[in-house]
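Take a look at the structure below.
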Amino acid sequence: MAMCEVCGNNYDKAFTVTLGGQTHTFDSFECAIHALAPRCAHCHCRVIGHGIEQASGIYCCDHCARHAEQTHGAQREYVVYRHGWNQANQDPGRGLPEKMPVARVVAGSPEEACRLAFREVNLASGQTLSAEPADVVDARVNNLDLKAEALERAGTP
């Protein structure tokens, strides 16, 4: 029997899915979809079918893709990170990480996101900025939350 990484259920008919070199174990398609299916960049529903992939994100249908392009053009939301410790703004003595999220911005590219955030973020000598698409960051955080939730359930009698 294997344990589902989403709900923590031990099931003799569990299955695995390998995606991006990582293997995941689930007890149902519902849990697999919850953990792995991307969210529509416009309405945020899970994209279970083929979807529509554009530079600005993945969309569940043509309506959402058209609406997003009209609203944002080819832009998407990015999470901007500041790299590098400094006692003034990112002190490791206070438990702050070396890579810390400092802004969310809408931009046409990661480079543009960093330029936009640079206007609002304090950088000390030796610190740099980087950016990742917010939908990727949010999915990663959501996946970690689900794993922690499954571990909590597995630990309770």
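We did not get these values from a lab; they are worked out from the coordinates using the rules stated. Treat the numbers as computed from the prediction; the structure is a model and nothing was measured. Cβ coordinates were reconstructed from backbone atoms using ideal geometry, including for glycine residues, and neighbour counts include every protein chain displayed.
What to note about this one:
- Environment charge of Ala32, counting only residues whose C-beta is closer than 11 Å and scoring Lys/Arg +1, Asp/Glu -1: -2
- The residue among Leu36, Trp85, Met100 whose Cα reaches farthest toward the positive pole of the charge dipole of the chain, with charges on the beta-carbon of Lys, Arg, Asp and Glu, is Trp85.
- Within the shell defined by Cβ-Cβ distances under 15 Å, the residues around Phe118 carry a net charge of +1, with Lys and Arg each +1 and Asp and Glu each -1.
- The relative contact order of the chain comes to 20 percent, based on Cα pairs under 8 Å that sit 6 or more residues apart.
- Compactness of the stretch 76-134 - radius of gyration and Dmax, Cα, Å: 11.2, 36
- A simple spin-label model places the labels of Lys13 and Ser28 1.2 nm from each other, with each point 7 Å out along Cα-to-Cβ.
- Kirkwood-Stokes translational diffusion coefficient of the stretch 1-116, alpha-carbon pairs, 37 °C, 0.692 mPa s, µm²/s: 190 µm²/s
- Counting neighbouring Cβ atoms within 10 Å and putting the fewest first, the residues Glu77, Glu53, Glu120 line up as Glu120, Glu53, Glu77.
- Likely footprinting exposure, Arg39, Arg104, fewest C-beta neighbours within 10 Å first: Arg104, Arg39
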